[in-house]
Amino acid sequence: MVESSVPRLSSYVAGEWREGKGEEQTLVNPSSGEAVARCSTDGLDLGLALDFARNQAGPALRAMTFAARANVLAQIAEALAKRRERWYEIARINSGNTKADAAVDIDGSIGTLKYFAKLGAGLGNAKILVDAPASRLTRDPNFQAVHVGVPLRGVAVHINAYNFPAWGLWEKASVSLLSGVPVLTKPATATAWLAQEMVQCIAEAELLPKGSLSIICGSVQDLFHHLRMGDVICFTGSAATGQMIRNDPAVRSRGVRINVEADSLNATILGLDAEAGSQAFSSFVREVVQEMTVKAGQKCTAIRRIFVPVSQSHVVRDAIAAELQEIKVGDPANAEVRMGPLVNMPQRLTVAEGIARLRAECEVAYREDPLKIVDADVNRGAFVSPTLLYANRGNHSQLWNELEVFGPVATLIPYGDQGEAFSIAAQGGGSLVASVFSADPTFMTEAALALAASHGRVLLADPSIESSHTGHGIVLPSCLHGGPGRAGGGEELGGFRGLWFYHQRAVLQGSSAVLNKITEIAVNPPSAQS
Ligand code: NAP
């Protein structure tokens, strides 16, 4: 039982703050293991929460134009930006984030809100979408059809992973609210504090119609049982949980729309042309080290598989290992620390088990053992060493194509020719992102065509964009986020494209006069320019 002095996180449902009863879950500081908050959803009336959102907030949001909803998003971004220091503090205490880690989550979330505020303002006074002008159906030019998108008349249930409590909340909520669909968000319990306090900040500012943004801190209880047509679930987390949600009888039988963002074995490829000393080579090494260590490797987009020409593999391995050696691991309260802990001790155990499985197949190219930790106790903090593994050629088990170790861990895989590199990279079962570092446009083109079918995003980093590209792991609101296969098969963001998930597409058939009247409140979003 956690001491009663540890603050309790309440949930915001049906426009009120409520506390669950019964058994509580504890949130900890992963650097020290100390309890920092507790929460429970036991006994909350989640059916009432959904009804309130559907019946009170839904109509109010749908009555607003895109521009009016966008204006609210802009105000939310402004309110959050004013309390940035507080969010950084919570991210350090509850997620073990360094300042750089917290920036990806917190500034990323504010940036995403601002992006959709601007995009929505451009949609003006429209309230519905249209995907093409009306077209004639028969010989009578007056009989026409138009495909429209109307906001769903339900609630968007957003279930997030522990690694991005702020960005996960706002990257989903900004698109849903702009579409006119109220949100019930469920952060992962381990790091729910940041999301809960952000929602509290916005609730107090009274920017949204009541019921537009609810939050539950703790488990989902019987939430799915109350879902129905018009509701959606947007899930981010492990493939196993995603599969469980897809198979939930209530979700399946009531046709609840679902988007899943799950595991991913993201790949990076060094081109055959990129020799030691070349720009592509140094960018590649820098990117790998950054991806392995930002947020202690707990990024869905982090590089897990590193493909390198066999002739360069030892040089690359040694260059990455030399940079990893410089990474100070410890409590991010110390400004010298470049990598904090994992989210908690159970996750440390899972990562240690994953490393042990990979080690049985690969050599260890870098790992600090014993690990030196700054300002923390190795027995109480969830720290692990950055770990680079090296797969020998001829290793046919390819566990690194199957096992996602969600920590500062990646495997270097030497390849012979480009066909081999592209075909092994495509065997990760479906991933969120692949990146390619080369100065050879032919290699880049062939890589793009080979990898796009198995990776939702492909970054083609040639030297001309060396200082302008945003990096392998950064998800931009204007670009699609999602991937096929084990990555969940989902699609989020992508500018205007993201709005369609929260709209029902329907075709209206009628006279041109009636259709023209209806489409006066419709907008055809310029997807191609988003
Ligand atoms: P997780 O254990 O699957 O949990 C994800 C979310 O699902 C949490 O909010 C969790 O709540 C909730 N959940 C757990 N069991 C549930 C159930 N039976 N019904 C409904 N919700 C349930 O994943 P995680 O450990 O937080 O995150 C790490 C994983 O997420 C990694 O595998 C990573 O690859 C993946 N990830 C993917 C992306 C992406 O965009 N593709 C982004 C980030 C992370 P509780 O916390 O209360 O259990």
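Okay, here's what the table says:
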{"quantity": "Selected residue (only one of 335, 410 is part of a loop (DSSP other than H, G, I, E, B) and small (Gly, Ala, Ser))", "calculated": "335"}
{"quantity": "Scan of segment 77-102 for residues that are touching a Ser or Thr at 6+ places or on another chain (Cβ under 8 Å) and assigned to a helix (DSSP H, G or I), ordered by number", "calculated": "80, 92, 94, 95, 101, 102"}
{"quantity": "Failed item, numbered, when residue 258 is tested on (1) among the β-branched types (Val, Ile, Thr); (2) open to solvent by 10 Å² or more (accessible area, probe 1.4 Å); (3) near the ligand (Cβ under 9 Å from one of its atoms)", "calculated": "(3)"}
{"quantity": "Which listed residue, of 291, 363, 353, is away from the ligand (no atom under 15 Å from the Cβ) and among the acidic types (Asp, Glu)", "calculated": "363"}
{"quantity": "Residue that is modelled with the highest pLDDT [pool: residues in segment 513-529 that are open to solvent by less than 30 Å² (accessible area, probe 1.4 Å) and not in a strand (DSSP E or B)]", "calculated": "515"}
{"quantity": "Some residue of segment 190-211 being among the polar types (S, T, N, Q), in contact (Cβ under 8 Å) with a residue 60 or more places away in the chain and more than 19 Å from residue 107 (Cβ to Cβ)", "calculated": "yes"}
{"quantity": "Single residue of segment 136-179 satisfying the filter (open to solvent by 40 Å² or more (accessible area, probe 1.4 Å) and in contact with a strand residue (DSSP E or B) (Cβ under 6 Å, 6 or more places away or on another chain)) that is nearest to the ligand (Cβ to nearest atom)", "calculated": "150"}
{"quantity": "Hits in segment 87-121 (condition: without any contact (Cβ under 8 Å) to a residue 24 or more places away in the chain and more than 19 Å from the chain's Cα centre (by Cα))", "calculated": "89"}
{"quantity": "One residue from 219, 214 being assigned to a loop (DSSP other than H, G, I, E, B), polar (S, T, N, Q) and more than 19 Å from the chain's Cα centre (by Cα)", "calculated": "219"}
{"quantity": "Tally of residues being surrounded by fewer than 24 Cβ atoms within 10 Å (Cβ to Cβ) and either away from the ligand (no atom under 14 Å from the Cβ) or of a type in the set (A, V, I, L, M) (or both) across segment 180-212", "calculated": "15"}
{"quantity": "Output for segment 222-247, where each listed residue is within 19 Å of residue 51 (Cα to Cα) and either near the ligand (Cβ under 10 Å from one of its atoms) or part of a loop (DSSP other than H, G, I, E, B) (or both)", "calculated": "222, 223, 224, 227, 228, 229, 230, 231, 233"}
{"quantity": "Residues being open to solvent by less than 10 Å² (accessible area, probe 1.4 Å) and of a type in the set (Phe, Trp, Tyr) - total across segment 401-448", "calculated": "3"}
{"quantity": "Of all residues making up segment 461-484, the number that are within 12 Å of the ligand (Cβ to nearest atom) and modelled with pLDDT under 95", "calculated": "0"}
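Yes or no, residue by residue, for (1) more than 14 Å from the ligand (Cβ to nearest atom); (2) within 26 Å of residue 102 (Cβ to Cβ); (3) charged (D, E, K, R); (4) part of a helix (DSSP H, G or I):
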site	(1), (2), (3), (4)
420	yes, no, yes, yes
434	yes, no, no, no
459	yes, yes, no, no
507	yes, no, no, no
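The values are calculated or read from the model by the stated rules, or taken from the named source; none is laboratory data. Here the structure is a predicted model, which means the values were calculated and not measured. Neighbour counts run over all protein chains shown; Cβ positions are idealised from the backbone, glycine included. Heavy atoms of the whole protein, side chains included, go into the accessibility calculation; ligands, DNA and RNA do not. Shrake-Rupley method; radii C 1.70, N 1.55, O 1.52, S 1.80 Å.
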